[in-house]
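Working notes, structure below.
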Amino acid sequence: MFQLSKDQLTLQAKASELAKSVFAQQAEIIDRTEEYPWENVKKLATAGFMGMTIPQCYGGQGLSYFDVVLVVEQMARACATMGRISVEANMGAIGAIMAYGSEEQKKRVAPYVLAGDKPAICITEPEAGSAATDMTTTAVKHGDEYIINGTKYWITGGGVSRIHLIFARVIEDGNFLGIGGFIFIRDGEQDGFRVGEREPAMGVRGIPETYLHFEDLIVSRAMLVIPPEGLRRGFAGLMNAYNAQRVGAGTVALGIAQGAYETALEYVKRRQQFKRPIAEFQGLQWMIADMSIALNAAQALLYKAASNAGDGFPDMNEAAQGKILAAETAIKVTNDALQLHGSMGYSRNLPLERHVRDARMFTIAGGTAQILRTQVASNELSMKLPQTRDGFTRLSGKKT
Ligand code: FAD
Ligand code: COA
């Protein structure tokens, strides 16, 4: 069903080579030191794996999200942190900017990403997680500028990213126009922009997730991604672009689980108990079979979502289905891989406990499994479900 072209096979092989020969060796160190892998990111950029989706006219390769998925899968198999960096460098914020941004915005942003900057997407706030449209960060227009105030948290790349896409409620002449996305390019210390505390995350520890505080942050009007006249549908547009990031996040979960599975396959053939390889016990064989089935199913849904996107963004329903299955499969498969190693799985000398920690985030970040199920059900039933409504339309602020 997913016949890869010659170019795609070459791309996949190139990603696999870099991931296996360089990043795999460093996964444990990155986890232990919790430091952003700047040197690896340079290698990613040199190999052409950052900004892959940026059109050729802005210096990129104009590749599809399916191409990106093939790369991300190989990266995450070797190192979860590198997998996540390759998602954020090709999907999420950069995808939204390239789809909806002005010429000026695309020309300014593209060189940063191509040179190795992983953009940060700033949506979540302390009181607005799943209910993202309840965000209170505002961008108030003053002449040719907007003044942004608010706090975001759990922002991946806080303190390391230069490009930021900040979601805020746009207010002009006292009127709320909708939720917009503002490009902010961090250049060292800047008035009004403060990187706050880092969250001590359970897994994928090579990328910081931090608070970001905006205190009268001034952003030029030219940096608003969807112009004021389109803001009524602005949030929906930005979320449409975000569907690519959801497929990417699912692919990282898949890659982590594939890595754990491969380690377990090798171990059960080697480890002897009762004078035979433990792979000969049928109970364990059935675990292996179930792991393989789940991995293949998750991969098929993600590939389907990515390939159906063509040159556009993945469909909301397909992206949600792929992410849910991959995220839940990753939790199960990494746990089973640890179990197949017995006590050695529990040791920090082997990567299994890291895989379990790394896999845990994907039913939470980027839309929880519950919220995404609501979206799938809403789509399947062709109806708006009441769970995410509270009697008024958050996007217009008016009672319905
Ligand atoms: P809550 O919304 O408080 O949810 C708590 C629980 O209630 C969950 O189980 C949820 O599923 C459930 N729940 C809530 N509403 C409903 C409902 N209507 N129906 C059923 N169940 C419901 N955000 C960014 O903006 N940028 C980032 O770069 C970013 N990176 C992240 C990286 C990591 C590692 C993590 C963990 C989070 C990151 N986030 C980021 C934030 C992430 O998107 C949010 O955590 C997520 O949207 C959930 O919000 P919350 O944590 O506030 O949970
Ligand atoms: N793809 C395309 N459109 C989307 C979308 C998606 N993934 N998610 C929402 N939209 C559209 C909706 O179709 C709706 O369009 P409409 O006005 O034409 O009906 C509009 O955006 C608002 O969505 P709605 O579900 O009505 O909003 P809500 O106020 O109930 O908020 C969400 C719910 C969208 C915030 C919630 O479902 C969600 O996705 N939460 C997770 C947030 C997240 O992923 N954060 C990650 C941060 S990195």
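The values are calculated or read from the model by the stated rules, or taken from the named source; none is laboratory data. Keep in mind the model is a prediction, meaning the values are calculated, not measured. A quick note on method: Cβ atoms are made from the backbone with ideal geometry, for glycine too, and the neighbour counts reach across all protein chains shown.
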**Message:** If the requirement is being surrounded by 21 or more Cβ atoms within 10 Å (Cβ to Cβ), in a helix (DSSP H, G or I) and out of contact with any helix residue (DSSP H, G or I) (no Cβ under 8 Å at 6 or more places or on another chain), which of these qualifies: Gly248, Gly234?
**Reply:** Gly234
**Request:** Please name all residue pairs, on different chains or six or more residues apart, with Cβ atoms under 6 Å, provided the first residue is in the stretch 185-196 and is in contact (Cβ under 8 Å) with a residue 40 or more places away in the chain and the second residue is assigned to a loop (DSSP other than H, G, I, E, B).
**Result:** Ile185/Arg162
**Request:** Only one of these is at pLDDT 95 or above, more than 12 Å from ligand 1 (Cβ to nearest atom) and over 23 Å from Val41 (Cβ atoms): Ile97, Ile163, Ile147. Name it.
**Result:** Ile147
**Request:** From (1) over 14 Å from the mean Cα position of the chain (by Cα); (2) surrounded by 14 or more Cβ atoms within 10 Å (Cβ to Cβ); (3) within 12 Å of ligand 2 (Cβ to nearest atom); (4) touching a residue at least 12 places away in the same chain (Cβ under 8 Å), pick out the condition that doesn't hold for Gln370.
**Result:** (2)
**Request:** Name every residue in the stretch 91-115 that is crowded, with 24+ Cβ neighbours inside 10 Å and part of a helix (DSSP H, G or I), in order of residue number.
**Result:** Gly92, Ala93, Ile94, Gly95, Ala96, Ile97, Val109, Val113
**Request:** Can you run down the residue pairs with Cβ atoms below 6 Å, 6 or more apart or on separate chains, where the first is in the stretch 47-67 and in a loop (DSSP other than H, G, I, E, B) and the partner is of a type in the set (S, T, N, Q) and surrounded by 21 or more Cβ atoms within 10 Å (Cβ to Cβ)?
**Result:** Phe49/Ser86; Met52/Asn90; Thr53/Asn90; Leu63/Thr53
**Asked** Taking the condition more than 18 Å from Ala365 (Cβ to Cβ) and not in a loop (DSSP other than H, G, I, E, B), does Tyr146 pass?
**Response** yes
**Message:** Under 6 Å between Cβ atoms, which residue pairs at least 6 apart in sequence (or on different chains) link something in the stretch 270-288 that is farther than 12 Å from Gly342 by Cβ and without any contact (Cβ under 8 Å) to a residue 40 or more places away in the chain with a partner that is among the β-branched types (Val, Ile, Thr) and in a helix (DSSP H, G or I)?
**Reply:** Ala279/Val268
**Single residue of Asp187, Asp216 found to be outside any strand (DSSP E or B) and either surrounded by fewer than 19 Cβ atoms within 10 Å (Cβ to Cβ) or of a type in the set (Phe, Trp, Tyr) (or both)** = Asp187
**Message:** From the list Leu4, Leu18, Leu70, exactly one residue is assigned to a helix (DSSP H, G or I), touching a residue at least 60 places away in the same chain (Cβ under 8 Å) and in contact with a helix residue (DSSP H, G or I) (Cβ under 9 Å, 6 or more places away or on another chain). Which is it?
**Reply:** Leu70
**Prompt:** Are any of the residues in the stretch 73-90 at pLDDT 95 or above and surrounded by fewer than 19 Cβ atoms within 10 Å (Cβ to Cβ)?
**Reply:** no
**Prompt:** Residue check, Leu295 against (1) over 20 Å from Ser86 (Cα atoms); (2) surrounded by fewer than 17 Cβ atoms within 10 Å (Cβ to Cβ); (3) within 28 Å of the chain's Cα centre (by Cα); (4) more than 16 Å from ligand 2 (Cβ to nearest atom), all met but one. Which one?
**Reply:** (2)
**Complete:** Filtering the stretch 104-158 down to residues that are closer than 17 Å to Asn175 by Cα and charged (D, E, K, R) yields Asp134, Lys141, Asp144, Glu145
**Complete:** Every listed condition ((1) within 16 Å of ligand 1 (Cβ to nearest atom); (2) in a strand (DSSP E or B); (3) surrounded by fewer than 18 Cβ atoms within 10 Å (Cβ to Cβ)) holds for Ile121 save (3)
**Fill in**
Going through the stretch 296-324 in order, the residues found to be more than 14 Å from Leu254 (Cα to Cα) and either of a type in the set (Phe, Trp, Tyr) or outside any helix (DSSP H, G or I) (or both) are Ala309, Gly310, Asp311, Gly312, Phe313, Pro314, Asp315
**Complete:** Looking across the stretch 310-330 at residues that are modelled with pLDDT of 95 or more and of a type in the set (Asp, Glu), the single one that is farthest from Ala241 (Cα to Cα) is Glu328
**Asked** Considering only the stretch 325-380, how many residues are in a helix (DSSP H, G or I), closer than 24 Å to Ser292 by Cβ and away from ligand 1 (no atom under 12 Å from the Cβ)?
**Response** 23
